[in-house]
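This report refers to the structure that appears directly beneath it.
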Ligand SMILES: Cc1ncc(COP(=O)(O)O)c(C=O)c1O
């Protein structure tokens, strides 16, 4: 049977549904649930997949590579060669262009912005902190922690609409080529957080061919989900380094990635990949900051995986664990929300998130209703710069962590809250609450 759109319902029908939803909601609240779909954390089974890492090095002797270098000691500030080789192969770049850090690519991104602020992006270029204004383009909905880096450094953020094939490139090109104060853009080119977008070939080509007004413009290419497909046959994105090599844009790209969602979110390894010139400049400062990152961890990652195919095979095991979780949430959305004109959502082919768009002005309400019913979501607004969703419509759903039965329950609660907020909004727009004057919106 075709569902009735909320726009086609009479006031009486809405009022009836409202009372039913409210009763259901009160029942759920009475159950005192404790559910969490707030952060994209791998679940226990995923972490267990990598436990071979814990035993590949057993003795001091095991900690030497074939050249006799002792990984337990100082040295190799750019990273362990075997692990750099692994990332070079995985990312399709030269070995020399790979720097390995600690467990967090976010730290490498923060450091790249901090270096640009303090010292400039190249010898002789003006530190951003000396400029009146520095702006970044922020495809949104996007990753809240990228936006927090900008806020921390006082970088002004400009929202860029994200479409099916990537950011709105007409606007990106226009702004980047006309405004010298625009120094960067955040990109998550594959399985974007939270929309799951995969940048099309044309989008990547247009990025590679940008003509920035600012000589020190950099693309922050956060390839966090480069091998995180949920299904077979998901297309790869084009290699932006191949496209920019030998062009005037050779130094325009900073790529970041990590094994946070390949091995351990708290104990993986991270990579910063960039041109020879950028690498030399970055190393001149990193060398002051640290003597070497955790080489034992880099070394054991390299031994555990052997090569890029080892990582790809490992990621299929992750997909087998994650796919049912994503599908459980999507099935609930389809069953409970489809055909009512109250919500749309992404159907990602990989990554860690589903992006849910509801009626304008209802994301905060849904977030609060969920919280009151014992379920934590990523805060409404978090997917936009400054925490301000212009339409107050988007929520980021993270299905990876809760066990399946809990996740199914969480998806039901979420759908209930989306429906309740939608009916409540429709009724309030039709003057229902004023006319009965007994229930206030905040009272349920
Ligand atoms: C797009 C994106 N980049 C980076 C990170 C964090 O990566 P790391 O653990 O390497 O700092 C996340 C984590 O959710 C993410 O979604």
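Please treat every number below as a calculation from the coordinates, not as lab data. These figures come from a predicted structure and were not determined experimentally. Counting neighbours? That spans all protein chains shown, and the Cβs are built from the backbone with ideal geometry, glycine included.
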Study note, to complete from the structure: By Cβ neighbour count within 10 Å, fewest first, 128, 345 rank 345, 128
Review point. Ranked from highest to lowest mean number of other Cβ atoms within 10 Å per residue, what is the order of the peptides 181-189, 158-166?
Key: 181-189, 158-166
Check your understanding: Pulled fully out, how much extra length does the chain show between residue 181 and residue 61, if you take 0.36 nm times their separation in residues and subtract their Cα-Cα distance?
Key -> 37.9 nm
Practice item. Subtracting the Cα-Cα distance from 0.36 nm times the residue separation, let me have the gained length for residue 24 to residue 95 in nm, one decimal. Key: 19.8 nm
Revision key, fill the gap. Largest fluctuation, 39, 300, 430 only, Gaussian network model of the chain with Cα springs under 10 angstrom, belongs to 430
Practice item. Neighbouring Cβ atoms within 10 Å as the yardstick, rank 417, 43, 129 fewest first. Key: 129, 43, 417
**Study point:** Protection-proxy order for peptides 403-412, 26-35, each taking the mean of Cβ atoms within 10 Å per residue, highest first
**Key:** 403-412, 26-35
Practice item. Quick one: compute a quarter of the convex hull surface over the Cα atoms of the chain and quote it in nm². Key: 23.7 nm²
Review point. Could you put 197, 55 in order, starting from the residue whose Cβ has the fewest other Cβ atoms within 10 Å?
Key: 55, 197
Check your understanding: Quick one: helix 363-372 against the long Cα principal axis of the chain, what's the angle to the nearest 10°, folded into 0 to 90?
Key -> 80 degrees
Review point. Roughly what % of DSSP beta bridges within the chain run antiparallel, to the nearest 5?
Key: 45 percent
Revision key, fill the gap. Taking the reciprocal of mean 1/r across every pair of different Cα atoms in the stretch 45-99, the Kirkwood radius in Å is 13.1 Å
Point to revise | 15 Å cut-off, amide nitrogen to a point 7 angstrom out along residue 327 Cα→Cβ, residues in the stretch 407-433 | key: 408
Review point. Once fully extended, how much extra length lies between residue 125 and residue 211, figured as 0.36 nm per residue of separation less the alpha-carbon to alpha-carbon distance?
Key: 29.2 nm
Review point. When the helices in the chain are scored as -39500 (n - 2.57) per DSSP H run of 4 or longer and the sum is shared across all residues, what 222 nm value do you end up with, to the nearest 500 deg cm²/dmol?
Key: -12500 deg cm²/dmol
Point to revise | Nearest 10 degrees, 0 to 90: helix 169-178 Cα axis against the chain principal axis | key: 60 degrees
Revision key, fill the gap. Candidates 425, 295, 190; GNM for the chain (alpha-carbon contacts under 10 Å) flags as most fluctuating 425
Point to revise | Global geometry of the stretch 211-310, whether rounded, prolate or oblate, following the gyration tensor of its Cα atoms and the 1.5 cut on a/c | key: oblate
Point to revise | Modelled FRET efficiency - R0 22 Å, residue 388 with residue 173, Cβ distances, 0.05 increments | key: 0.30
Review point. Normalised by the number of residues in the chain, what is the relative contact order in percent for Cα pairs under 8 Å and 6+ residues apart?
Key: 26 percent
Exercise for review: Tell me the label-point distance for the pair residue 247, residue 335, using the 7 Å Cα-to-Cβ offset, in nm and rounded to one decimal.
Suggested key: 4.8 nm
**Study point:** Most fluctuating residue given options 346, 171, 274, as computed from a GNM of the chain linking Cα atoms under 10 Å
**Key:** 171
Practice item. Could I have the simple spin-label model distance between residue 404 and residue 133, label points 7 Å from Cα toward Cβ, reported in nm to one decimal? Key: 5.3 nm
Review point. Let a ≥ b ≥ c be the square roots of the eigenvalues of the Cα gyration tensor of the stretch 63-312; is it rounded (a/c under 1.5), or, if not, prolate (a/b larger than b/c) or oblate?
Key: oblate
**Study point:** Sites residue 47 and residue 429 - FRET efficiency at Förster radius 56 Å, r taken between beta-carbons, to 0.05
**Key:** 0.75
**Study point:** Between 0 and 90°, nearest 10: helix 295-305 axis offset from the chain longest Cα axis
**Key:** 70 degrees
**Study point:** Spin-label proximity, residue 320 to the stretch 43-70 - amide N less than 20 Å from point 7 Å beyond Cα toward beta carbon
**Key:** 43-54
